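Rule-based calculations on the coordinates, nothing more; no lab input. Small disclaimer: the values here were computed from a predicted structure and weren't measured. All Cβ positions, glycine included, derive from the backbone under ideal geometry; neighbour counts span all protein chains shown.
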Amino acid sequence: NGLLRPTSGTVLLNGKDIWAEPKKIRSVRFRVGMVFQYPEHQLFEETVLKDICFGPGNMGLSAAQAEERARRAAKFVGLDDELLGKSPFELSGGQKRRAAIAGVIAMDPDVLVLDEPTAGLDPQGRDMLLEQISAYHRARGSTVILVSHSMEDIARFADRVLVMNEGRAVMLDKTKNVFARGRELEAMGLRVPQITSILLTLREKGYPVRPVLTVDEAVEELRPLLRKGGAHHAQ
């Protein structure tokens, strides 16, 4: 979103080089919202409410409009009203992350980029946060880019996957097609979802199964084999 200028190459937004007109780069930051991996790097105001209001206020909205957006964003990510008057640094790790996300979505960006949004969260907190991000995507219709090493999270929530290796894009495809190349991912140090790994192993042993992503899909793949006692095993 233009926070850093690349030393080589170009950054395109809707097909246009965002640095073609440097004086307009500020507008890009309103269209592409970035949530950092560490929320402490993003929170700075006296209270949570002021922090979430900062972005909308910077867009030129009135104080009342900014607060309306901030309260709506806080409610969307599950921050209780009683937390809005506290210092951001009094919040728990999960609450800080929600506050940072609220501060970005309050600006209503066309593209929301989240860097490792579930890092440090317990399983329940991770699932809740990802569901909220998914709900935001459905409600707003905006593009959500999730940067993550958690293949389970990617498998559950991503429509398409871009795989980076040593600074280069090496795969870009639908999620199921990327994970079908699980052994290539493992060679790059990326762990595929456990259920996918099991089905890849079965396929390598000759069973006619697809390397699907979820338990429900795996049940459908394995049911015919179980009914026939594994008779489909390649000889």
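Give segment 134-153 a look and list any residue that's without any contact (Cβ under 8 Å) to a residue 40 or more places away in the chain, in a helix (DSSP H, G or I) and in contact with a Leu (Cβ under 7 Å, 6 or more places away or on another chain), or say none.
Asp153 - this is the single residue of segment 134-153 that is without any contact (Cβ under 8 Å) to a residue 40 or more places away in the chain, in a helix (DSSP H, G or I) and in contact with a Leu (Cβ under 7 Å, 6 or more places away or on another chain).
Being assigned to a loop (DSSP other than H, G, I, E, B) and either under 26 Å from Gly15 (Cβ atoms) or touching a residue at least 40 places away in the same chain (Cβ under 8 Å) (or both) is the filter here; which residues of segment 90-133 pass it?
Listed by number, the residues that qualify are Leu91, Ala106, Met107, Asp108, Pro109, Asp110, Glu116, Pro117, Ala119.
Six or more apart or on different chains, Cβ atoms under 8 Å: show the pairs whose first residue is in segment 16-41 and farther than 15 Å from Asp115 by Cβ and whose second is among the hydrophobic types (A, V, I, L, M, F, W, C) and surrounded by fewer than 12 Cβ atoms within 10 Å (Cβ to Cβ).
Taking only residues 6 or more apart or on different chains, the pairs are Ile18/Leu12; Arg29/Leu3.
Please pick out the residue among Tyr136, Tyr207 that is over 17 Å from the mean Cα position of the chain (by Cα) and among the aromatic types (Phe, Trp, Tyr).
Sole residue among the options that is over 17 Å from the mean Cα position of the chain (by Cα) and among the aromatic types (Phe, Trp, Tyr): Tyr207.
Show me the helices (runs of 4 or more DSSP H) entirely contained within segment 160-223 in which 3 or more residues are surrounded by 18 or more Cβ atoms within 10 Å (Cβ to Cβ).
Filter on segment 160-223 gives 194-204.
Restricting to segment 33-52, and then to whatever is touching an Asp or Glu at 6+ places or on another chain (Cβ under 8 Å) and part of a loop (DSSP other than H, G, I, E, B), can you tell me which residue is surrounded by the most Cβ atoms within 10 Å (Cβ to Cβ)?
Leu43
Report yes if some residue within segment 104-114 is under 30 Å from Asn165 (Cβ atoms), out of contact with any Gly (no Cβ under 8 Å at 6 or more places or on another chain) and surrounded by fewer than 19 Cβ atoms within 10 Å (Cβ to Cβ); otherwise report no.
yes
Can you tell me which residue within segment 77-102, out of those that are more than 23 Å from the chain's Cα centre (by Cα) and aliphatic (A, V, I, L, M), is surrounded by the fewest Cβ atoms within 10 Å (Cβ to Cβ)?
Out of the qualifying residues, it is Leu83.
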